[in-house]
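Q: Quick one: the structure is below, questions incoming.
The values are calculated or read from the model by the stated rules, or taken from the named source; none is laboratory data. From a predicted model like this one, the values you see are computed outputs, not experimental measurements. Don't worry about glycine lacking a Cβ; one is built from the backbone with ideal geometry, like all the others, and counts go over all protein chains shown. Note: areas computed on protein heavy atoms with side chains; ligands, DNA, RNA excluded. Shrake-Rupley method; radii C 1.70, N 1.55, O 1.52, S 1.80 Å.
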Amino acid sequence: MPTYDDQNIFAKILRGEIPNDTVYENDHALAFRDIRPQAPVHVLIIPKGPYVDFAHFAAEASEAEIIGWMRAIAEVCKMEGVEADGFRAISNAGVNGVQEVPHLHVHILGGRPLGRMLQP
Ligand code: AMP
């Protein structure tokens with residue numbers, strides 16, 4: 001499993017060292033607006049625990065953490081009003097996934113048609 005770097009920017013957000021535009025929070029997850037939004041709705045949902053990416057979290061998180069993170073995603077979709085018209089959930093991982101921040105996050109994008117999932 002990957003080694004978690006606690007100096008990554010989302011770890012600093014969780015410790016309150018840098019600000020964020022919080023949308024929703026529960027015991028296990030924090031949701032905040034992406035600083036460089038790529039759609040009218042662009043929210044990042046992160047677990048509060050030290051997980052590098054989706055596979056790391058899926059393998060090692062507790063059931064309570066998994067439920068807390070998933071429910072936070074559902075809550076954000078409801079709060080941001082993207083359920084009816086649809087949205088995209090993206091979790092980039094590693095070099096091929098072009099992951100910029102090595103703390104698990106899912107991007108929830110919506111509010112406009114998003115085009116095909118991948119560029120050719
Ligand atoms: P990625 O790791 O490629 O899935 O994307 C990381 C995302 O984090 C990018 O969309 C950035 O715009 C976003 N981001 C980086 N720093 C911050 C920050 N301080 N607050 C909110 N979003 C951020």
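Q: Quick check: residue separation of ALA64 and ARG36 times 0.36 nm, minus the Cα distance between them. What number comes out in nm? Show your work: numbers first, answer last.
A: Details: separation 28, 0.36 × 28 = 10.08 nm, distance 3.04 nm.
Stretched out fully, the ALA64 to ARG36 stretch lengthens by 7.0 nm.
Q: What is the extension gain from PHE54 to LEU114, computed as 0.36 nm multiplied by their sequence separation minus the C-alpha to C-alpha distance, in nm to one decimal?
A: Values: separation 60, 0.36 × 60 = 21.60 nm, distance 2.24 nm.
Net length gain for the segment: 19.4 nm.
Q: Can you list which of the trypsin sites (Lys or Arg not before Pro) found in region 24-120 are DSSP loop residues with at most 14 other C-beta atoms within 10 Å? Present the calculation step by step, with values, prior to reporting the outcome.
A: On the way: sites: ARG33, LYS48, ARG71, LYS78, ARG88, ARG116; in loops: LYS48, ARG116.
Taking region 24-120 and a limit of 14 other Cβ atoms within 10 Å, the loop trypsin sites (Lys or Arg not before Pro) found are ARG116.
Q: Here is a further query. Between rounded, prolate and oblate, where does region 9-110 land on the alpha carbon gyration tensor, with a ≥ b ≥ c its root eigenvalues, rounded for a/c under 1.5, else prolate if a/b exceeds b/c?
A: Numbers: a/c = 1.28, a/b = 1.23, b/c = 1.04.
Cα axes put region 9-110 in the rounded bin.
Q: GluC sites (Glu not before Pro), restricted to region 1-74: which are DSSP loop and have at most 10 other Cβ atoms within 10 Å? List each step's numbers first, then the result.
A: Details: sites: GLU17, GLU25, GLU60, GLU63, GLU65; in loops: GLU17.
Sparse-neighbourhood loop GluC sites (Glu not before Pro): GLU17.
Q: Given a 10 angstrom Cα cut-off, can you work out which residue in ALA74, ALA84, ALA29 is the most mobile in a GNM of the chain?
A: Maximum among the listed residues: ALA84.
Q: How big is the gap, in Å, between the Cα center of region 73-120 and the Cα center of region 1-29?
A: Centre-to-centre (Cα) distance: 18 Å.
Q: Say R0 is 30 Å: what FRET efficiency, to the nearest 0.05, do GLU83 and THR3 get from their beta-carbon distance? Numbers along the way, then the final one.
A: Numbers: r = 37 Å, r/R0 = 1.22.
Here the calculated transfer efficiency is 0.25.
Q: Summarise the accessible area of the chain (1.4 Å probe, protein heavy atoms) by the percent that is carbon and sulfur.
A: Details: 3950 of 7340 Å².
That share works out to 54 percent.
Q: Here is a further query. How do VAL82, VAL98 stack up against each other in accessible area, from largest to smallest, with a 1.4 angstrom probe? Numbers along the way, then the final one.
A: Values: VAL82 5, VAL98 110 Å².
Solvent-accessible surface, decreasing: VAL98, VAL82.
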